[in-house]
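The values are calculated or read from the model by the stated rules, or taken from the named source; none is laboratory data. Fair warning: this is a prediction, and the values are worked out from it, not measured in the lab. Glycine gets a Cβ as well: all are built from the backbone with ideal geometry, and neighbour counts include every protein chain shown. Ligands, DNA and RNA are excluded from the accessible area calculation, which covers all protein heavy atoms including side chains. Shrake-Rupley method; radii C 1.70, N 1.55, O 1.52, S 1.80 Å.
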Amino acid sequence: APAVTIDKNEALENLKTAKSENTLAYIGRLDANAGVDISLEALALVVKTIPNVKLIFVGGSEAAVKKYRELAKQLGVENNADFRGFVEKSEDALTIISQAKIGLALYKPEKENVSMYADVSKPKEYLHAGLPVIMTNGGPSLGDELQNLGACVLANFDSVDIAKTIIEVLSDNNRYNKLLKGVAAAVEQYDYRENF
């Protein structure tokens, strides 16, 4: 059985949540292996095509938030990166990210990255919130599973390819709606009732 499961009924309700235009979400620890640095680098490229794009970060210590606010400033995206820090209640964190359109899980595909060997929770948090996911090629095996279910798009661990993927998904309503159908299919598979 997978280590991480979700509540299908909650996820299907979250799928109905109104999504904020051109809004991306990130939840979890703030570090390079989980894809924060490359997310900000990609954001700096997306802004050139979609100036009002917003990336909401949920999670991270005060020190990590400070570090990445500084990086966002250096990249010129401080107004597009919204750092909420640690959110105590998981349901509050879920409410915040469920209003975004896409979740980012851009794990660095290197053997030193411990996430490569885990049933990673971040993408399943996005499914729980009713969001399709963008993950990295060669990252945790869950990315391939979710792509096969139609709930995920894989991009190379490269800011240009990630930015291109984000723009394509945000700009194509048909593609986005297909991804939402994929999310509905995926939550059936990862529902805790089915697995336990």
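Mind counting the residues in the range 1-54 that are assigned to a helix (DSSP H, G or I), in contact with a strand residue (DSSP E or B) (Cβ under 6 Å, 6 or more places away or on another chain) and either among the acidic types (Asp, Glu) or open to solvent by 30 Å² or more (accessible area, probe 1.4 Å) (or both)?
1
Can you find, within the range 66-94, the residue that is least open to solvent (accessible area, probe 1.4 Å) among those that are among the polar types (S, T, N, Q) and at pLDDT 95 or above?
Step one: of the range 66-94, the residues among the polar types (S, T, N, Q) are 74, 79-80, 90.
Subset that is at pLDDT 95 or above: 74, 79-80.
Numbers: Gln74: 134, Asn79: 123, Asn80: 18 Å².
Once the filter is applied, the top-ranked residue is Asn80.
Output yes when any residue across the range 121-141 is buried (at least 16 other Cβ atoms within 10 Å of the Cβ) and in contact with a Lys or Arg (Cβ under 6 Å, 6 or more places away or on another chain), and no when none is.
Among the residues of the range 121-141, not one is buried (at least 16 other Cβ atoms within 10 Å of the Cβ) and in contact with a Lys or Arg (Cβ under 6 Å, 6 or more places away or on another chain), which makes the answer no.
Do you know which of the residues in the range 153-192 that are open to solvent by less than 70 Å² (accessible area, probe 1.4 Å) and of a type in the set (Gly, Ala, Ser) is nearest to Leu55 (Cα to Cα)?
Ala163
Take Gly150 and decide whether it is on the phi > 0 side of the Ramachandran plot and either open to solvent by 10 Å² or more (accessible area, probe 1.4 Å) or at pLDDT below 95 (or both).
Against the criterion (on the phi > 0 side of the Ramachandran plot and either open to solvent by 10 Å² or more (accessible area, probe 1.4 Å) or at pLDDT below 95 (or both)), Gly150 qualifies.
Is it the case that Met116 is touching a Phe, Trp or Tyr at 6+ places or on another chain (Cβ under 9 Å), under 25 Å from Ile96 (Cβ atoms) and either free of Cβ contacts under 8 Å to residues at least 40 places away in the same chain or of a type in the set (A, V, I, L, M, F, W, C) (or both)? Let's see the steps before the verdict.
Working: touching a Phe, Trp or Tyr at 6+ places or on another chain (Cβ under 9 Å): yes; under 25 Å from Ile96 (Cβ atoms): no; either free of Cβ contacts under 8 Å to residues at least 40 places away in the same chain or of a type in the set (A, V, I, L, M, F, W, C) (or both): yes.
For Met116, the condition - touching a Phe, Trp or Tyr at 6+ places or on another chain (Cβ under 9 Å), under 25 Å from Ile96 (Cβ atoms) and either free of Cβ contacts under 8 Å to residues at least 40 places away in the same chain or of a type in the set (A, V, I, L, M, F, W, C) (or both) - is not met.
Consider Met116 against the criteria (1) modelled with pLDDT under 95; (2) in a helix (DSSP H, G or I); (3) buried (at least 22 other Cβ atoms within 10 Å of the Cβ); (4) of a type outside the set (Asp, Glu): it satisfies all of them except one. Which criterion is unmet?
Going through the list (1) modelled with pLDDT under 95; (2) in a helix (DSSP H, G or I); (3) buried (at least 22 other Cβ atoms within 10 Å of the Cβ); (4) of a type outside the set (Asp, Glu), Met116 breaks only (3).
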